[in-house]
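All remarks here apply to the structure that follows.
Values in this text are rule-based calculations from the coordinates and carry no lab data. Not measured: the values here are computed from a predicted model. Quick reminder, even Gly has a Cβ in these numbers, built from the backbone with ideal geometry, and neighbours come from all protein chains shown.
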Amino acid sequence: MSKVGKTPIDIPESVELTVEDGAVTAKAENGLEFTQEYDPDFVTAEINDDELVMGRKADKKEYKEKHGLYRSLVANMVEGLVNPFEKTLVLEGLGYRVRKQGGSLVFELGYSHPIEYPLPENIEAEVEDNDQVTIKGPEKQVVGQVAADIKSLRPPEPYKGKGIKYKGEEIIRKEGKLSGGEEAEIG
């Protein structure tokens with residue numbers, strides 16, 4: 001059995017899980033509801049007591065791959081309803097700032113104009129010290145995509161390290177050009 005796929009998913013008390021016709025639906029107490037479809041030709045899903053168990057129908061490679069994939073997707077869906085996923089971005093550079101304005105973020109990144117980034121549904125953003133943004137939400141893929149979209153507004157450059165980066169990300173720095181002293185004299 002797949003190491004990932006065979007692990008049962010614990011169902012928290014605050015989440016109601018149902019399995020029907022190739023889809024697992026999770027509903028939280030706060031009204032959020034997500035559905036994750038799976039391929040019933042490859043994988044089975046059943047609820048036993050307070051656990052969801054994913055199984056596979058054969059021991060071929062493609063069945064094993066789908067088994068681990070669908071189990072991870074369902075586990076992330078349940079986890080996101082209980083503890084929202086988050087990513088923190090840091091702005092580095094002179095005059096680089098961010099502020100929250102209504103349902104969007106406004107970035108000043110050294111361009112001639114501010115950039116407004118509207119936040120998708122179910123995604124929240126917290127701004128700290130005008131140079132840190134924390135993106136939070138129940139869907140792992142959407143949180144990662146929003147963070148990647150924001151980072152692409154001004155990716156970190158390798159010479160001075162200016163730009164938007166993930167908190168804790170190491171930027172590989174390059175040395176600038178050397179001037180003057182190493183040119184050969186023509187005599």
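Between rounded, prolate and oblate, where does region 53-187 land on the alpha carbon gyration tensor, with a ≥ b ≥ c its root eigenvalues, rounded for a/c under 1.5, else prolate if a/b exceeds b/c? It would help to have the intermediate numbers written out before the result.
Working: a/c = 3.85, a/b = 1.58, b/c = 2.43.
Oblate shape, in that a/c is at least 1.5 and b/c is the bigger or equal ratio.
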(request) Could you tell me which chymotrypsin sites (Phe, Trp or Tyr not before Pro) in region 63-172 are loop residues by DSSP with no more than 13 other beta carbons within 10 angstrom of their beta carbon? (result) Tyr111, Tyr159
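At a threshold of 8 angstrom on Cα-Cα distance, excluding pairs fewer than six apart, so keeping six or more, what relative contact order does the chain reach in percent? List each step's numbers first, then the result.
On the way: 313 pairs, mean separation 30.9, N = 187.
Result for the chain is 17 percent.
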(request) Quick one: angle between helix 140-151 and the longest Cα principal axis of the chain, in degrees between 0 and 90, rounded to 10, please. (result) 10
(message) Let's see if you can work this out: charge +1 on each Lys and Arg Cβ, -1 on each Asp and Glu Cβ, no other charges. What is the dipole magnitude of the chain about its Cα centre, in debye to the nearest 20?
(response) 680
(request) Name the most mobile residue of Ser112, Ser104, Ser14, meaning the one with the largest mean-square fluctuation, in a Gaussian network model of the chain with Cα contacts below 10 Å. (result) Ser112
(request) Work out how much length Thr18 to Glu169 would gain on full extension: take 0.36 nm times their residue separation and subtract the Cα-Cα distance, in nm to one decimal. (result) 50.5 nm
(request) Going by C-beta contacts inside 10 Å, put Glu62, Glu16 in order with the fewest on the left. (result) Glu62, Glu16
(request) Could you work out the local net charge near Gln145, counting Lys and Arg as +1, Asp and Glu as -1, over the other residues with Cβ closer than 12 Å to its Cβ? (result) +1
(message) Quick check for me: using +1 on Lys/Arg Cβ and -1 on Asp/Glu Cβ, what's the dipole size of region 9-82 about its Cα centre, in debye to the nearest 20?
(response) 500
(request) Considering the options Leu91, Met54, Gln132, tell which one lies farthest towards the positive end of the dipole of the chain, charges being +1 on Lys and Arg and -1 on Asp and Glu at the Cβ, about the Cα centre. (result) Leu91
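If you place +1 on the Cβ of every Lys and Arg and -1 on the Cβ of every Asp and Glu, how big does the dipole about the Cα centre of region 85-166 come out, in debye to the nearest 20?
260
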(request) Could you tell me whether region 1-56 comes out rounded, prolate or oblate from its Cα gyration tensor? Rule is a ≥ b ≥ c as square roots of the eigenvalues, rounded for a/c under 1.5, then prolate if a/b exceeds b/c, otherwise oblate. (result) oblate
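Pop the C-beta distance of Glu29 and Glu108 into the FRET formula with R0 = 41 Å and round what comes out to the nearest 0.05. Intermediate results must be reported in sequence, preceding the final value.
Working: r = 39 Å, r/R0 = 0.95.
That gives a FRET efficiency of 0.55.
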(request) Determine which lysines satisfy two conditions relative to Lys87: a Cα distance under 26 Å, and not lying fewer than 8 residues away in the same chain. (result) Lys27, Lys100, Lys136, Lys140, Lys151, Lys160, Lys162, Lys165, Lys167
(request) Per DSSP H run of at least 4 residues, take -39500 (n - 2.57); add these up for the chain, divide by its residues and hand me the 222 nm value, nearest 500 deg cm²/dmol. (result) -6000 deg cm²/dmol
